[in-house]
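First comes the structure, then the notes that go with it.
The values are calculated or read from the model by the stated rules, or taken from the named source; none is laboratory data. Since this is a predicted model, take the numbers as computed values, not measurements. When we count neighbours, we look across all protein chains shown, and the Cβ atoms used for this are built from the backbone with ideal geometry, even at glycine. All accessible areas refer to the heavy atoms of the entire protein, side chains included, with ligands and DNA or RNA removed. Shrake-Rupley method; radii C 1.70, N 1.55, O 1.52, S 1.80 Å.
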Amino acid sequence: MVVEVVGIGADGWVGLSPVAQEVISKAEVLLGSTRQLGLVPAGTAERRAWPSPLSEALPGLLAEYRGRRVCVLASGDPTFHGIGTTLVRLLGASAVRVIPHPSSVSLACARLGWAQEQVQVVSLVGHPTELVHPQVQPGRRLVVLSWGAQTPGEVAELLTERGYGASEFTVLEQLGSPGERVTSTTADAWTGEVDPLNVIGVLCADGPVLSTAPGLPDTAYESDGQLTKREVRAVTLSRLAPVPGQLLWDVGGGAGSIAIEWSRHHPSCRAIAFERDEERVRRIERNVAALGAKVTVVHGAAPAVLPVSEAQAGGADAPSAVFVGGGATAPGMIEACWAALRPGGRLVVNGVTLETEVLIAQWYKELGGDLVRLDVQRASAVGGMTGWRPAMPVTIWSVTK
């Protein structure tokens, strides 16, 4: 069984290639959203609108139509934030034939005159608006995939609150259809209602910089003092070595800074922060929202709360890096984290107490790795003059499995 996936634009049937039209015409079963099914002329094929939630129902739906000629309708390019990728993951590439249509991003860039390779795409389909935050940088061009008519207003408000209200803000509705409309203004001047089928182009003005490089200012975080400080954070993340698509466990999350800056490194980076204190859990969640990170927060005491058995079984959520910023001396903590790591994974443990340093030294003797002590001093007022005030030294042990 080969499932054929046809990308279709807002212009419907007339915008399809002859090949795409032939695939749809010969299908015995047409699957797609109600809107997409309404874009093609009536025929003999059985039509089935997607159920909700689709992700849970899709395997059973495909099994139901096994042995029949199935065509799936998708918006634009099916392998760009679309159902095509999901089907390939379920069935394998050899069982899926994709016939793409220009994506909404390519159409938007064509209208705006932007080079696609210089654009950062942010999908808010099923995701919080705050995911735009890491991409908002001076001079950057963004194409935001909306999740309905409310998205432009939400993005405009976010930009304005970040100090980027002067950014060029363009909403493109019903791209490719007879009802296409393009409206340009600035983020702080945006008003009006739009069609649910829209994308947003943003040319960021000059504004406050919150880099995706490690070491955000400490003031970027809400904290009760349990915060890995800026300089130590930058060194720690250099040892954790964020890689696109990989997962980090941040054990003893505190303010969540390590998990947040890991996930801000690249849109595909993910992190789980484990924190036993309920108030800190809420604080991490607020920091995650404020900085637009992809971090899941788990409330509970490690190592008991760590999903070690699933990770050891080689599951998709086995971490590629583990950071222990608190509770390293808890019985079984290092053993559990080491066991959970994927081969080639990085374990980093920070310590400021003598007890943690003794433990780190023992593990360093057993597993090797890299052991450094970081002393940071900050200038501050001493009477009418300026002097150096040292922070507590931090011992950092890092090792690759």
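For the chain, the longest principal axis of the C-alpha atoms and the axis of helix 54-64 are separated by about 50°.
For the chain, what ratio Rg/Rh do Cα atoms give with a Kirkwood hydrodynamic radius? It would help to have the intermediate numbers written out before the result.
Numbers: Rg = 25.1 Å, Rh = 23.9 Å.
For the chain, the value is 1.05.
Counting only DSSP beta bridges with both residues in the chain, what percent are antiparallel, rounded to the nearest 5?
Details: 34 of 73 bridges.
The answer is about 45 percent antiparallel.
A 1.4 Å probe, protein heavy atoms only, puts the accessible area of S55 near 100 Å². Counting 0.36 nm for each residue step from S25 to A220 and taking away their Cα separation leaves a gain of 64.6 nm.
Give me the percent of Cα-Cα pairs in segment 115-174 that sit more than 14 Å apart, rounded to a whole number. Intermediate values should be presented prior to the final figure.
On the way: 951 of 1770 pairs.
Of all Cα-Cα distances in segment 115-174, 54 percent exceed 14 Å.
With a cap of 13 neighbouring Cβ atoms within 10 Å, and only residues DSSP puts in a loop, list the trypsin sites (Lys or Arg not before Pro) found in segment 53-159.
Details: sites: R66, R68, R69, R89, R97, R111, R140, R141; in loops: R66, R68, R69, R140.
Taking segment 53-159 and a limit of 13 other Cβ atoms within 10 Å, the loop trypsin sites (Lys or Arg not before Pro) found are R66, R68.
Cα centroids of segment 198-261 and segment 331-401: 18 Å apart. Loop-located GluC sites (Glu not before Pro) in segment 20-69 (DSSP state not H, G, I, E or B) with no more than 15 neighbouring Cβ atoms inside 10 Å: E28.
Here, P(r) means the percent of Cα pairs in each 10 Å bin from 0 to the largest distance; for segment 291-401 it is 13, 37, 29, 14, 6, 2, 0. Beta bridges from DSSP with both residues in segment 247-401: antiparallel share about 50 percent, rounded to the nearest 5. Per-residue ellipticity at 222 nm computed for the chain from its helices equals -8000 deg cm²/dmol, with DSSP H segments shorter than 4 residues left out and the rest contributing -39,500 (n - 2.57).
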